[in-house]
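K.L.:
This structure is in structure tokens; I'll ask about it shortly.
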Amino acid sequence: MRARPSSGPAALPAMSADSSYLAPFDTATFLFPAEWHTFSDLLGGADTGLICLKEGVITHVNRHLLDQLGFDDTELVGRPVEFLFPETGSATEGDDIRLRTKSGKVLRFHFVANRVDALHDAGSTIWILRPESHGAQTEEAASQATPGMKRQLHYLNRLLRLSQQTNTGPEPALKIILKSSAKAIAVHQCAFWEVASDLASTRCVALYDDIRQNFSAEEPDPVFAEHFHPLLMQLVRGEQQFIVADVDQDPRAALHCEYFHARGIKALMAIPVQRGNEPAGLLIFTIRAQPRRWRKDEADFARNAAALVGRISHQAERAREDAQLRHLAHHDSLTGLPNRHFLFDQAADFFPKVTAEAKTLAAFFIDLDGFKSVNDAFGHAVGDELLKAAALRLKNVVRKDDVLVRLGGDEFMLLARNLSNMRIADDIAQQIVETMHGAFALQGRELQISASVGIAIYPFDGTDIDTLMKKADIAMYHAKSAGRDQYRMFAPQSGEGSGKRSTLEADLRRAVEEHELVHFYQPQVDLKTGKVRCVEALLRWRHPRDGIILPAIFLPLAEETGLIHDISARVMHEACDQLNEWIMQGLHGFTLAINLSASQLMDRSLMTELEDALDRTGVPSHLLEWEVKESTVMQHSSMASSLLDHVTDMQIGLSIDDFGTGYSSMAYLRRYPVRKVKIDSSFVGGLPGERDDRAITEAIISMARPLGLEVVAEGVETPQQMEFLRERGCDIAQGFFFTQPLTAEQLETWMIRH
Ligand SMILES: Nc1nc2c(ncn2[C@@H]2O[C@H](COP(=O)(O)OP(=O)(O)OP(=O)(O)O)[C@@H](O)[C@H]2O)c(=O)[nH]1
């Protein structure tokens, strides 16, 4: 087989050291360095030269060959291989090959094998060069070695490919090495015997059997204990290799013959494995039935495989130790909870995420009440038990994405992410307080304790963990002063922090004036026709520093400061303008839904703003829809009723948000002209798998139908959810399955495509 690289320049001045032949070159794109090292470790016996080429250009040369030729790595890598040929040159597998040294001498090598696509990188070629024959005997040896080395190369190649595919840790890697090594040097079995750290015992970790084609771990038996174990221990301790061609002829094997006969072993190679500088065990290759005169390349391969096993097991041990250390450093040994260090490390990771996702985060500072007296009355050990039991109860309050840590003593902190509204923070704090109420049965006693909780909210009370913790601590202190066994939100008057609140207020004023409050739009799609029936306008604050902020965060502040009026007026006008623009563009056939909070519903001037906006734009009022939360209609029914009555007269649609979230009286459905009810996304999220969510969804749909109400499902994310809803007769769906909320321009493009 001709192996001369075809892509190299045809007539090169071979002896030239002209650097113009150095192509722009990045080794990493050709071959992983680790892969090359594994490869050259395993194949490169003390006298084997290896060159790796990519399209005729040298990418790697092993140490042995570099030493022979007198070149440095950097002098060869990146050059066409012809650079090494004296005058003209060629390379034919199975033949001799002549290469020039740096000093101008010419050396001859035996070209054992040329492997195309040897490594993961298609197009890579590996040349294996052995010392050129010095006489008849060596020539014969070389030609005998050739098929063996080709096989080694073949299995090595497989080994590397597999190790890349699996990459699942030391155990699969070990199996791959055992199997490939057994095949590469054609033995019946290859086993790794690991030695205990006190060097007192060995254990067969894995054994590959070529005949059975499977792995097992050899069970030591009495014959092993008496005849083989002493040999293993002696080899491990002395770091000696034991290479035997015929166990019946070799006097060193005589003592252990019984074991070899019992196992049918005729020849073996036992090679010590080092883990770092410590003995790790032995890699043992065995041959049954026939003696075997081990060739040098086979012994080299075995030694290199043992080195690889040692390296992998060393890396695995280090990774284990690192993980253990990291766990210890980040966890509290009493409760097993993450500790303060973990919290700060985590904070570095999740604060940017929270900001990027425009989410909120609540920090709960939890401190047990009167814990000291438990210690004093019953002793530290009972105190410890109580801390463990309290931690366990707190864990039950934690949701999937939350982080609970023990800060120290009787203090814990919970970070709850992704709060869609502030009521959830109240609910969580209430749960924390309540979870401590039941008596703790500890060491035959019943102990009663309570907890005080302080809450701080990101980004309003702080944008870093230190500040949030401090504010939550202040709020917790206020909960204690108010009588303990309760929670408090951080409020400006609860300590320093008023500065921040007033900055925020100023920010919000500016936001209204500078149009930082913007609408995103999410379509609601008819499940029968696939048409867009409605577009919900979702108000967001595009804060120049803090990113997107949800209304659940800024509306309470807007209500507190009276800014809500300006915001509502703007919402009405902008919604009508946008709808008008879409109508002018020919996008119609859908309504526009606007969310109204409780305080907006009580603002009588809102009606005037709405009428102005409708007059100014000419948008027909029936194309508007108001979305009001069920709780809002219920809690403020008398105050809101006159506004809602007016809406009825104007034929503005009314839809009830978060329908079914816990209010039992449905009388308002008859009282007001409700057009639609929306199934809260918290129920839709569990569809179709969660039994309760299925039952609630089905109940809402069957309740709405006789009342002539349309049902809209919010938060639909998967085809399975959509299919379930469609089958159950849900009319309309909205959610990421169709699209996330979009800007007006994005929505236009989306609509044209759908
Ligand atoms: N058993 C036990 N006690 C601890 C541990 N770490 C700290 N403590 C004790 O926990 C107590 C916590 O103090 P405080 O929170 O001020 O005591 P308290 O009685 O709960 O006071 P209030 O919070 O004001 O109700 C101190 O007495 C600490 O010595 C621990 O690991 N185990």
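K.L.:
Taking the criterion of being in contact with a strand residue (DSSP E or B) (Cβ under 6 Å, 6 or more places away or on another chain), assigned to a loop (DSSP other than H, G, I, E, B) and either away from the ligand (no atom under 16 Å from the Cβ) or not assigned by TED's automatic domain parsing to the domain that holds Ile457 (or both), would at least one residue in the range 317-335 satisfy it?
P.N.:
yes
K.L.:
Same structure again: In the range 187-259, which strands (runs of 3 or more DSSP E) lie fully inside it and hold 3 or more residues that are surrounded by 12 or more Cβ atoms within 10 Å (Cβ to Cβ)?
P.N.:
Where strands (runs of 3 or more DSSP E) fall fully within the range 187-259 and carry at least 3 residues being surrounded by 12 or more Cβ atoms within 10 Å (Cβ to Cβ), they are 189-195, 202-209, 242-244.
K.L.:
Something else now. Any residue at all in the range 688-699 that is under 21 Å from Leu592 (Cα atoms) and modelled with pLDDT under 90?
P.N.:
Checked against the condition, which is being under 21 Å from Leu592 (Cα atoms) and modelled with pLDDT under 90, the range 688-699 yields no hits at all.
K.L.:
Would you say Ala598 is modelled with pLDDT of 90 or more, touching a His at 6+ places or on another chain (Cβ under 6 Å) and either of a type outside the set (S, T, N, Q) or farther than 19 Å from Arg423 by Cβ (or both)?
P.N.:
Considered against the rule, which asks whether it is modelled with pLDDT of 90 or more, touching a His at 6+ places or on another chain (Cβ under 6 Å) and either of a type outside the set (S, T, N, Q) or farther than 19 Å from Arg423 by Cβ (or both), Ala598 comes out as no.
K.L.:
Pairs under 6 Å by beta carbon, first residue within 18 Å of His437 (Cβ to Cβ) in the range 363-383, partner modelled with pLDDT under 90 and within 8 Å of the ligand (Cβ to nearest atom), six or more apart or different chains?
P.N.:
Hits for this filter: Asp369/Arg484.
K.L.:
Moving on to the next point. Quick one: which strands (runs of 3 or more DSSP E) sit completely within the range 81-135 and have at least 2 residues that are at pLDDT 60 or above and charged (D, E, K, R)?
P.N.:
96-100
K.L.:
Looking only at the range 583-618, count every residue that is surrounded by 21 or more Cβ atoms within 10 Å (Cβ to Cβ), in a helix (DSSP H, G or I) and under 44 Å from the mean Cα position of the chain (by Cα) and tell me the total.
P.N.:
The number of residues fulfilling the criteria is 1.
K.L.:
Same structure, new question: Name the single residue, out of those in the range 724-743 being touching a residue at least 40 places away in the same chain (Cβ under 8 Å), part of a loop (DSSP other than H, G, I, E, B) and not acidic (Asp, Glu), that is surrounded by the most Cβ atoms within 10 Å (Cβ to Cβ).
P.N.:
Gln734
K.L.:
Something else now. If a residue must be within 16 Å of the ligand (Cβ to nearest atom), surrounded by 17 or more Cβ atoms within 10 Å (Cβ to Cβ) and assigned to a helix (DSSP H, G or I), how many such residues does the range 345-374 contain?
P.N.:
Qualifying residue count for the region: 2.
K.L.:
For Ala381, work out the one condition from (1) modelled with pLDDT of 90 or more; (2) away from the ligand (no atom under 11 Å from the Cβ); (3) aliphatic (A, V, I, L, M) it doesn't fulfil.
P.N.:
(2)
K.L.:
Of the residues in the range 305-344, how many are of a type in the set (A, V, I, L, M, F, W, C), closer than 29 Å to Ser197 by Cα and surrounded by 19 or more Cβ atoms within 10 Å (Cβ to Cβ)?
P.N.:
Number of matching residues: 5.
The values are calculated or read from the model by the stated rules, or taken from the named source; none is laboratory data. What you see is a predicted model, and the numbers here were worked out from it, not measured in a lab. Because the Cβ atoms are built from the backbone with ideal geometry, glycine has one as well, and the counts that use them run over all protein chains shown.
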